[in-house]
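The values are calculated or read from the model by the stated rules, or taken from the named source; none is laboratory data. Note that the coordinates shown come from a computational prediction; the quantities given were computed from them, not determined experimentally. All Cβ positions, even for glycine, are placed from backbone atoms using ideal geometry, and neighbour counts span all protein chains on display.
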Amino acid sequence: MPNALIPELDAHDTRILAELQADARLSMAELGRRVHLSQPAVTERVRKLEAAGIISGYRASVDLTKLGYGIRALIRVGRADYDRVVRLVQQTPECVNAYNVTGEDSWVLEIAVEDVAHLDAVVSKFCLLTETATSIILNVAREHQPMLPPQRPPTKAAGRTALNARAPEP
């Protein structure tokens, strides 16, 4: 069900989102060239996407192994006081992502650490709050997947309109 607060995005907006997710460092001139719009037009569209909160920021992706983090892991944290977990996550620089989730666990944390001793030190902090389970990430099959608006099939009314708009056949 579409959210009434989400603005309608046309093909240009969708293409802008795809291009910026692939390379957020594009100049407005280059972005405009790629989506077949003038620089002022594409700049205005990007500003509207930012104002609507659809584009929420820009960041660099870094290779954690090249920064010295040899292990990435997921920590599943059981039920614990929400505020205590949030505080501990904020005090843990190794925590890359933290998700409050439904199910048996209350949290899933992604961490990056240097080695097994470092892993043990970080996991131990969360063990003091509640039960945890840790999985080391061996390989990444997908990460930072560009996302576009969901594709909705055309409605029957839209299909009839398109059919009625065609010129009658001789």
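Scanning the range 100-124 for residues that are closer than 21 Å to Val62 by Cα and either at pLDDT below 95 or in a loop (DSSP other than H, G, I, E, B) (or both) yields Glu114, Asp115. Within the range 32-90, the only residue that satisfies the criterion of being in contact (Cβ under 8 Å) with a residue 12 or more places away in the chain and of a type in the set (Asp, Glu) is Asp81. Just to be sure before I move on: is Thr43 in contact with a helix residue (DSSP H, G or I) (Cβ under 6 Å, 6 or more places away or on another chain) and more than 18 Å from Glu143 (Cα to Cα) in the structure I sent? The answer is yes for Thr43. For the range 75-82, the count of residues that are of a type in the set (A, V, I, L, M, F, W, C) and not assigned by TED's automatic domain parsing to the domain that holds Trp107 is zero. Of all the residues in the range 109-148, those that are over 13 Å from Cys95 (Cα atoms) and surrounded by fewer than 16 Cβ atoms within 10 Å (Cβ to Cβ) number 23. In this structure, Val101 does not qualify as aliphatic (A, V, I, L, M) and in contact with a Leu (Cβ under 9 Å, 6 or more places away or on another chain).
When Val85, Val62, Val35 are checked against the criterion of being among the β-branched types (Val, Ile, Thr) and in contact with a Lys or Arg (Cβ under 6 Å, 6 or more places away or on another chain), a single residue qualifies: Val35.
Look at (1) surrounded by fewer than 12 Cβ atoms within 10 Å (Cβ to Cβ); (2) not in a strand (DSSP E or B) and you find that Leu88 fails only one, number (1).
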